[in-house]
Amino acid sequence: MTETNTRTPAPAFLETYIREQRKKKAILLMTHIVMGYPSFDACFEIVRQMVDAGVDLMELQIPFSEPMADGPVILKANQAALDSGATVEKCFEFAQKVSDRFDIPFLFMTYGNILYKYGMDAFAARMSEIGVKGAIVPDLPPEEANDYLSAMKKHDLSAVFIFSPETSDQRMKMIDTHATGFIYCLARKGVTGKETQFSSDMGNYLARCQKSTRLPTAVGFGVKEKADIDFLMGKADIAVVGSQTIREVAQNGVNATGPFIRSLIE
Amino acid sequence: METINATQIANHFMKGRYMKHRGYYGPFGGAFLPEILVATFEELDARFRQAKADKHFWEEYETLMATYSCRPTPLTYAENLTRHFGGAKIYIKREDLNHTGAHKANNVMGQGLLVKRMGKKRVIAETGAGQHGVATATMAAKFGFDCTIYMGEVDVLRQRPNVFWMEQLGATVVPVTDGTRILKDAINEAFRDWVTNMDTTHYVLGTACGPHPFPEMVSWFQSIIGKEARAQIMKAEGRLPTKVFACVGGGSNAMGLFQGFMDDPVELVGVEAGGEGIASGRHASRLCSDDASFGIAQGYKTYFLQNSDGQMKETHSISAGLDYVGVSPILAHMHDQEKARFEYATDTEVVDALKLTMRMEGIIPALESCHAFAGAFKEAANMSTDDIIIINQSGRGDKDIFTVADALGDPKWKEFICAKAGEYKND
Ligand SMILES: Cc1ncc(COP(=O)(O)O)c(C=O)c1O
């Protein structure tokens, strides 16, 4: 592979990368896969097609047996991946392969226990070694994140935190002081993979999010078609498409990935 | 009080508390919450603190339990079992005599009063054995709340009578088909409902687990067991017991009993599900086996039965209510501090304890509770006749008729079920 600027250390890297990309595009696209679902080989092909179609960042989910914040689609993908033998080690190997091969930043998404069992520091060291730029861990709010934050900081990784419509302004500011890279704004209540109303209410909420952070913002949960992404332009820096790509692959096969992504951004 | 806005209360109580560790018992506990639920938990915590500080709340709770749920429950002297073992005097704390037949009512009615204060109109709950589900359904009926119960598909099958009653009481029972399809999966599903509907809905968690303040709150409501038991034994015997025994699923009935004797020279013994034996790997013993390790799941930190990657394992127990991967962070801390001792009883020992108790005392403990009986029976004979033990009978066993009939291989029951099935087929 060619040594690219994605090798620059995060967290400065991730934020800088997003701001640079934004000079070229009105909104960036981040996608989500569950590693090992439907198989690691299929995942590799999905990533290849996504990058080829112009995805700017990717979340690689390490499957967990108790994915509390995930809805039916991602929950089933987590289970299927574990049932077919996905392990944390295999996920690291996969992440290394894609980050060596493709020139976009990759992040891990998983639950606290996966990092905790591996050892916070060892986990962060391994991330840094294989070139993964940051992590989103929905069950580690800042109050419970001391060890996680010091490990991420030590290894120059971005710790992405979450804003929700229920988060007060005051709390958003507190979260912002701990976050690096970008802020992940939940489009609504609930779990992943359900319907979302892209309305003026959401516009107000997203303005509140932008005002409360010094970082770029990403919006996820229920983003599934071009109209949603168009709505988010000017209101956020990154649109996140999660469950819908998993649905596409389940319904139309791996080769539907590229065309689906193109339909979102063209 | 309803005019004070919940966020204001939360702000008042939470002032300056950001980044401070909340709800920790040594290294156990915490609140590993998805961001979307943080505000809901702040409100719940604030309301709970308010109730805990208000002695009228506890009085209202005791009155409700006395008039609706048969409290104080008796402490029964088990004369025949005492004679049979020839050692310690055996007393049984009769939580089975609560309305709906288990200690679960204590927690549920307490949380129900809190829900009324919060002004919410819908309750959800997980259930394993179905006892907590039935208790929640009765509370919802009494207080006029909508009610949805999440129950693993495996448990729906093994606790059908309770499913029937929940539905008759007006609750919607949702069988959970994900994961291992038992208690932990029902908890995940209840959380998924809550992150969507928290504005209108309270999640009545059924045991002393989960994110702060649940372990503390559930234990507080259950402490009524230990308070009564201590007063009752002092009245009956004029002295404290040597040991008290309780079964441990999530840990709520054990916490309830233990709290009565926390500052006393009384040995606290928790009995976990040994399933088919620790060596078989098919069990749910988190504190007394080496198979569990420190982890974070379902919003809290404790000992979990998990593999080296941190994936939760399948558990096994003859009793649905003890068939759980985690355990109360408060008990985990008491275990590490050696403030309580933890043992296990196997499925076989449990059925033997049930048979003996039925024959000797005319009492039918739930299979969950039979773990405490089995644990006590192993020790009673080796104690002196001056010793006293109390066994917490957390629930009554008639709900387990299908499981027990299978375990006993009762031919007449089988015949009856076949005949009944035949009748339905002809309908
Ligand atoms: C009768 C009975 N006892 C005990 C338990 C275990 O729960 P805990 O450990 O919270 O008391 C249950 C749970 O369903 C139960 O129904």
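Worth pointing out:
- Strands (runs of 3 or more DSSP E) fully within segment A:158-266 that include at least 3 residues being in contact with a Pro (Cβ under 8 Å, 6 or more places away or on another chain): A:158-163.
Per-residue answers, yes or no, for (1) farther than 30 Å from B:GLY112 by Cα; (2) within 17 Å of the chain's Cα centre (by Cα):
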site: B:GLN232; (1), (2): no, no
site: B:LEU240; (1), (2): yes, no
site: B:GLY256; (1), (2): no, yes
site: B:PRO265; (1), (2): yes, no
site: B:MET312; (1), (2): yes, no
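- Of all residues in segment B:246-272, those that are farther than 19 Å from B:TRP220 by Cβ have Cβ atoms under 6 Å from Cβ atoms of residues that are within 6 Å of the ligand (Cβ to nearest atom) and in a strand (DSSP E or B), 6 or more apart or on another chain, in B:VAL271/B:CYS247.
- Boolean, A:ALA124 is more than 11 Å from chain B (Cβ to nearest Cβ) and touching a Lys or Arg at 6+ places or on another chain (Cβ under 9 Å): yes
- In segment B:236-247, the residues that are among the aliphatic types (A, V, I, L, M) and within 12 Å of the ligand (Cβ to nearest atom): B:ALA246
- Residue ID - farthest from B:MET109 (Cα to Cα), chosen from residues in segment B:73-87 that are within 20 Å of the chain's Cα centre (by Cα) and surrounded by 18 or more Cβ atoms within 10 Å (Cβ to Cβ): B:LEU75
- Some residue of segment B:116-125 being in a loop (DSSP other than H, G, I, E, B), assigned by TED's automatic domain parsing to the domain that holds B:VAL173, small (Gly, Ala, Ser) and within 21 Å of B:ILE182 (Cβ to Cβ): no
- The condition of being within 13 Å of the ligand (Cβ to nearest atom) and at pLDDT 95 or above holds for only one of B:GLY362, B:GLY395, that being B:GLY395.
- Verdict on B:LEU287 being within 14 Å of chain A (Cβ to nearest Cβ) and either within 16 Å of the ligand (Cβ to nearest atom) or crowded, with 24+ Cβ neighbours inside 10 Å (or both): no
- Among (1) of a type in the set (A, V, I, L, M); (2) farther than 22 Å from A:PRO259 by Cα; (3) in contact with a Ser or Thr (Cβ under 6 Å, 6 or more places away or on another chain) - the single one A:MET50 does not satisfy: (2)
- Subset tally (residues that are among the basic types (Lys, Arg) and either in a loop (DSSP other than H, G, I, E, B) or within 14 Å of the ligand (Cβ to nearest atom) (or both)) for segment B:213-235: 0
- Residue match in segment A:41-49 (condition: closer than 21 Å to B:ASP185 by Cβ and at pLDDT 95 or above): no
- Among the residues of segment A:78-110, those identified as in a loop (DSSP other than H, G, I, E, B) and either buried (at least 23 other Cβ atoms within 10 Å of the Cβ) or within 14 Å of chain B (Cβ to nearest Cβ) (or both) are A:SER84, A:GLY85, A:ALA86, A:THR87, A:PRO105, A:THR110.
- The residue that is farthest from A:PRO67 (Cα to Cα), among those in segment B:281-303 that are touching a residue at least 24 places away in the same chain (Cβ under 8 Å) and of a type in the set (S, T, N, Q), is B:SER289.
- The residues listed here are B:PHE373, B:PHE377, B:PHE402; of these, the one that is within 14 Å of the ligand (Cβ to nearest atom), touching a residue at least 24 places away in the same chain (Cβ under 8 Å) and either assigned to a helix (DSSP H, G or I) or away from every other protein chain (no Cβ under 14 Å) (or both) is B:PHE373.
- Qualifying residue in segment B:306-328 (condition: in the same structural domain as B:PHE373 (by TED's automatic domain parsing), in a helix (DSSP H, G or I) and away from the ligand (no atom under 13 Å from the Cβ)): no
- Check on B:GLY130, within 22 Å of A:GLU66 (Cα to Cα), in contact with a helix residue (DSSP H, G or I) (Cβ under 7 Å, 6 or more places away or on another chain) and touching a residue at least 24 places away in the same chain (Cβ under 8 Å): yes
- Taking the criterion of being free of Cβ contacts under 8 Å to residues at least 40 places away in the same chain and on the phi > 0 side of the Ramachandran plot, no residue of segment A:137-183 qualifies.
- Hits in segment A:206-226 - residues which are modelled with pLDDT under 95 and of a type in the set (A, V, I, L, M): A:VAL223
- Helices (runs of 4 or more DSSP H) completely within segment B:127-182 that count 1 or more residues being under 28 Å from B:ASP199 (Cβ atoms) and within 16 Å of the ligand (Cβ to nearest atom): B:131-143, B:160-168
- Failed condition for A:THR167, given (1) surrounded by 20 or more Cβ atoms within 10 Å (Cβ to Cβ); (2) under 16 Å from A:HIS32 (Cβ atoms); (3) out of contact with any Cys (no Cβ under 6 Å at 6 or more places or on another chain): (2)
- Pairs are defined by a Cβ separation below 6 Å, a sequence spacing of at least 6 or placement on different chains, a first member in segment B:108-122 that is more than 19 Å from B:SER219 (Cα to Cα), and a second member that is β-branched (Val, Ile, Thr) and buried (at least 17 other Cβ atoms within 10 Å of the Cβ); the pairs so defined are B:ARG122/B:THR201.
- Residues considered: B:GLY210, B:GLY250. Of these, the only one that is within 16 Å of the ligand (Cβ to nearest atom), in the same structural domain as B:PRO365 (by TED's automatic domain parsing), within 25 Å of B:PRO34 (Cβ to Cβ) and part of a loop (DSSP other than H, G, I, E, B) is B:GLY250.
The values are calculated or read from the model by the stated rules, or taken from the named source; none is laboratory data. From a predicted model like this one, the values you see are computed outputs, not experimental measurements. As a convention, Cβ positions derive from the backbone with ideal geometry for all residues, glycine included, and neighbour counts pool all protein chains shown.
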